[in-house]
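Laboratory data are not the source of any read-out in this text; all were calculated from the coordinates shown. Since the structure is predicted, the reported quantities are computational estimates derived from the model, not experimental observations. Cβ sites come from the backbone with ideal geometry, for glycine too, and all protein chains shown count toward neighbours.
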Amino acid sequence: MLFLISWKMFDNTKLDCYRAFMGMTPKDDIADAGPNVTIIGRWHNVGNGSGVCIAETDDSAALMSWMVNWAGLCNIDLTPVTDDETTRVVLRSKLGKQVAETTAETTAETTSQTTE
């Protein structure tokens, strides 16, 4: 599963958070996230101490464990997200029949109006 992780550092811990992060290597990033979480990408807004990350895992405990590593330095929000293909499959399975019915009704109404 994919997760959007967004964070905002506490004003009084911002410099501590920067120091901790700048001392890390890519190998440390992997160890920090743990073996069951894959970091897809991460983007930072250094000016206001916030950022976003996309991570992938099927292990919610592993994801929570990673978040605890940073919880003392920032507020963290987690949101499950899906890619385009997965979203389209879900929407088609849930709304496909409704869209087809609405389209058929609209076509029938338009045809009826033009023949009157």
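Quick notes
- Among (1) under 19 Å from the mean Cα position of the chain (by Cα); (2) surrounded by fewer than 11 Cβ atoms within 10 Å (Cβ to Cβ), the one test that T57 misses: (2)
- Restricting attention to segment 1-58, the residues that are in contact with a helix residue (DSSP H, G or I) (Cβ under 9 Å, 6 or more places away or on another chain), of a type in the set (A, V, I, L, M, F, W, C) and in a strand (DSSP E or B) total 7.
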